[in-house]
Amino acid sequence: MEHKLPTLSYELSALEPYISKNTLEFHYGKHHQAYITNLNNLIKGTAFEDASLEDIVKHAEGGIFNNGAQVYNHTFYFEAFKPKGGGEPKGKLLAAINSSFNSFDNFKAEFSKAGATLFGSGWVWLAADSAGKLNIIQKKNAENPLRDGYVPILTMDVWEHAYYLDTQNARPKYIENFWQLIDWDLIETRFEKS
Ligand code: MN
């Protein structure tokens, strides 16, 4: 089974001024594509040749895990953006956020802090545990909370390649911009399916 670069629901310039076309040309067009190309090469002739991406994330090791998880993580990340996104979630997701973090503003502050303080390359996740409770989880490199039995709801890439062309060393500025793009309707759908 060949993995393919997913089509985005928006133009590469549509997330400006928060994420530039230049960043997406590299981050989606080159980094994401490279993980897919590497994954397709690595799985040939292995037990993961016909595995779903989710199974690769849950069970693979080494290069197949690193590239497979980076494919999953980037697809999950890019899918959550829309032009004129942002604002706040509603309904059951908002209720779960309020229950776990007291308020949406407090959730945003805690998630942002987790992104700003993650040392080196990695991802910050909002993920549901088996009881449906929401957790903020810092993960290094390609790591993904699916592997620990959580259901991912939202992720933020804090590898330098996600922001260096736009905000250089200022990761907190990138994090502020991230919130302006979130498609909360889609995140609510993910939560309801969890
Ligand atoms: Mn990335």
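The values are calculated or read from the model by the stated rules, or taken from the named source; none is laboratory data. Note that the structure is a prediction, hence the values are computed from the model and not measured. Note that each Cβ is placed from the backbone with ideal geometry, even for glycine, and that neighbours are counted across all protein chains shown. Just so you know, the surface numbers come from the protein's heavy atoms only, side chains and all, with ligands and any DNA or RNA stripped out. Shrake-Rupley method; radii C 1.70, N 1.55, O 1.52, S 1.80 Å.
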Test result for Gly115, farther than 21 Å from Pro6 by Cβ and within 16 Å of the ligand (Cβ to nearest atom): yes
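Filter the stretch 119-135 for residues that are touching a residue at least 12 places away in the same chain (Cβ under 8 Å) and surrounded by fewer than 18 Cβ atoms within 10 Å (Cβ to Cβ) and give the result.
Scanning the stretch 119-135 gives Gly120, Ser121, Asp129, Ser130, Gly132, Lys133, Asn135.
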Residue check, Lys84 among the basic types (Lys, Arg) and under 21 Å from Val158 (Cα atoms): no
Residue in the stretch 91-110 that is crowded, with 16+ Cβ neighbours inside 10 Å and within 16 Å of the ligand (Cβ to nearest atom) present: no
Residue pairs meeting the criteria (Cβ under 6 Å; at least 6 apart or on separate chains; first modelled with pLDDT of 95 or more, in the stretch 164-192; second among the polar types (S, T, N, Q)): Leu165/Asn22; Leu165/Thr23; Asp166/Ser20; Asp166/Thr23; Lys173/Thr167; Tyr174/Thr167; Ile175/Ser112
Residue that is most open to solvent (accessible area, probe 1.4 Å) [pool: residues in the stretch 157-177 that are under 26 Å from Gly68 (Cα atoms) and more than 10 Å from the ligand (Cβ to nearest atom)]: Tyr164
Enumeration of residues in the stretch 6-57 that are within 14 Å of the ligand (Cβ to nearest atom), of a type in the set (A, V, I, L, M, F, W, C), open to solvent by less than 80 Å² (accessible area, probe 1.4 Å) and within 20 Å of Asn141 (Cα to Cα): Leu24, Ala34, Ile36
Sole exception among (1) on the phi < 0 side of the Ramachandran plot; (2) surrounded by fewer than 18 Cβ atoms within 10 Å (Cβ to Cβ) for Gly68, by number: (2)
